[in-house]
Structure formats: C-alpha cells, structure tokens
Amino acid sequence: MKPVFGRTNADIAAEWDRAAEYRLKSLLDGADKTYFEIIVPSILDLINQILVAHAPKSCACLDVGCGVGHLAYLINKTFPNSIVDAIDISGTSVEVAKRTFTSPNVLYFWSSLEDFLAEKQYDIITANMFLMNCLDYKSALTKFNRMLKPGGSFIVTVPHPCFWPRYWNYEIADWFKYMSEIGIETNFRTSSLGEASFTTTHFHRPIESYLKAIGDAAFILYSVRELADNLPIGPDQLKLPRHLLLSGFKMKDV
C-alpha cells in the first residue's frame, strides 16, 4: 500500500482490466457479501423510492463505472420498465458484461465518462464505487447533471472517508491527511475473499469535498446513508460503516 501520483485514465482502465475476471467470480460465487447484502439493497431501495414518487411509464437509467455489468443487469431485472445504459473505462470488464449479464434492455459501452456521448437524457444515474476511482470527481458530477432530465436523480456510493482508512490500516500513516485528496494503491480485496494479487487505485477525499461538489454541480442532496455491514467477518473491522451512499436530484442545468 502506498500513495501514488499522476495516475491517468489509461492506468485506471488497465487496473480494472486485470481485475475483471476476479470481480466476475466474486459476483457469481456470491462471495462479496457487502455488495450483495448492503450496497445493492440500498441502491435498489432508493431507485424504488424515486420511481414510486414519480411513477414514470418507463425509466431511462445510466450506470457509470458498471464494471462487469451486474448492477446494471440487476436494475433492469428488478425494475422491468427500465432501460439501462452502462459504461466502463475497462474494455475487458465491458466484454465480460456483454457475455455474462445480458438483457435486451441493457446496453454496455466501453467508454470513459469524459468521452461518453449520451444520445438521451436519463431519469436516474447510478455510480457504485465509481467516484473513488475517478480522477476528476467534480467534472463527473457536472456531467451527471448534463445527462439527467430536469428533476433527475443520481445515486453514488463511495468508501466512507472517515472509516475506510481505518479498515485499510492507513489512517495512521505519515503520508495520510484526512482533509487532503490522495491517490492510494492497494491490493484489491473484499471482506469475504481477502486480498487479490493485483492492485487498484482509489482516491481518498474528505466528506465535505463530496458535499461541496454535489452542490456546485447544481444538485440538491436528499439522501445520505452510512452503510454499516453488520456482517460476521472479523472481530472489529465491520462494526463501523465502510461505505457512504449519497443521492440528489437535479436542480437546474449547469
């Protein structure tokens, strides 16, 4: 584990190319218990609240940072009136998604968010653990605004900035400062499977930076959830919430 600087989109894409098959296995085996038991139910619950409130005949969704496609597929399966576009910067992940989680109402695109040319506006944008890998999260949120219909909503999850450093054991490192943005290279791991042999980069940012960026992108924040696992894994590391879910709706164009 170490701080890193100067990462590019190509670097991030290559990391997730290497992770794609491992990620697929963890999903097919049901090994990522936090994802299945904590994160996914929270995202689907918020989507349901949005759809109940607005009752659209159909729902256009975009899943940003879709990885191997499981969440995009699950959104469409759970909400049959949805049409889901899904994008990821990792070409290998998108190829895995296309062959594994297929549906006529789910389309996968190999693209960075910066280069993605949306042909329509969306009702909902989801981004599960995407902003943590995103080089420019402020521009990402601004683009979310531009791709959403008036009153459209985003739902994002990120590592909890307060407790993720403790889970990864770097909060006492000399190079870590909570109020600073910093890229961190670590071996990929899940609570159930432990560490993998490859590394990925995530970016620590304080909570206030996310909240300010959401406001600056002309969103009104309406849901903040600290996602605590409550899973019987290890003596201490899962007692505190490791993930943060943020959701808001588009106030105006930017």
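The values are calculated or read from the model by the stated rules, or taken from the named source; none is laboratory data. All values reported here derive from a predicted model rather than from experimental measurement. Please note: Cβ atoms are built from the backbone with ideal geometry, for glycine as well, and neighbour counts cover all protein chains shown.
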Look through the stretch 66-84, keep the residues that are out of contact with any Cys (no Cβ under 8 Å at 6 or more places or on another chain) and assigned to a loop (DSSP other than H, G, I, E, B), and return whichever of them is surrounded by the fewest Cβ atoms within 10 Å (Cβ to Cβ).
-> Pro80
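So, in the stretch 79-109, exactly how many residues are closer than 21 Å to Gln121 by Cα and in contact with a helix residue (DSSP H, G or I) (Cβ under 6 Å, 6 or more places away or on another chain)? Outline the logic, then answer.
Quick first cut of the stretch 79-109, residues closer than 21 Å to Gln121 by Cα only: 79-89, 103-109.
With in contact with a helix residue (DSSP H, G or I) (Cβ under 6 Å, 6 or more places away or on another chain) added as a condition, the list becomes 82, 84, 86, 88-89, 103, 105-106, 108.
The number of residues fulfilling the criteria is 9.
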Pairs with Cβ under 8 Å, 6+ apart, first in the stretch 203-219 and on the phi > 0 side of the Ramachandran plot and modelled with pLDDT of 95 or more, second part of a helix (DSSP H, G or I) and of a type in the set (S, T, N, Q) | Ala218/Asn145
Write out, first by first residue and then by second, each pair whose Cβ atoms fall under 6 Å of each other, whose residues are 6+ apart or on separate chains, and whose first residue, in the stretch 15-35, is over 14 Å from Gly69 (Cα atoms) and acidic (Asp, Glu) while the second is buried (at least 18 other Cβ atoms within 10 Å of the Cβ) and modelled with pLDDT of 90 or more.
-> Glu15/Thr200; Asp32/Ser26
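Which of the residues belonging to the stretch 179-230 are among the hydroxyl-bearing types (Ser, Thr, Tyr), part of a strand (DSSP E or B) and surrounded by fewer than 15 Cβ atoms within 10 Å (Cβ to Cβ)? Break it down stepwise before answering.
First, pick out the residues of the stretch 179-230 that are among the hydroxyl-bearing types (Ser, Thr, Tyr): 180, 186, 190-192, 197, 199-201, 209-210, 222-223.
Subsequent filtering for residues that are part of a strand (DSSP E or B) retains 186, 190, 197, 199-201, 222-223.
Scanning the stretch 179-230 gives Ser197, Tyr222.
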Please find, within the stretch 194-228, the residue that is farthest from Leu245 (Cα to Cα) out of those that are among the aromatic types (Phe, Trp, Tyr) and in contact with a helix residue (DSSP H, G or I) (Cβ under 9 Å, 6 or more places away or on another chain).
-> Phe198
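In the stretch 175-183, is there at least one residue being under 23 Å from Tyr22 (Cβ atoms) and either among the polar types (S, T, N, Q) or touching a residue at least 24 places away in the same chain (Cβ under 8 Å) (or both)?
Let us first name the residues in the stretch 175-183 that are under 23 Å from Tyr22 (Cβ atoms), namely 183.
With the extra rule that they be either among the polar types (S, T, N, Q) or touching a residue at least 24 places away in the same chain (Cβ under 8 Å) (or both), the set shrinks to 183.
Yes: the stretch 175-183 contains one or more residues that are under 23 Å from Tyr22 (Cβ atoms) and either among the polar types (S, T, N, Q) or touching a residue at least 24 places away in the same chain (Cβ under 8 Å) (or both).
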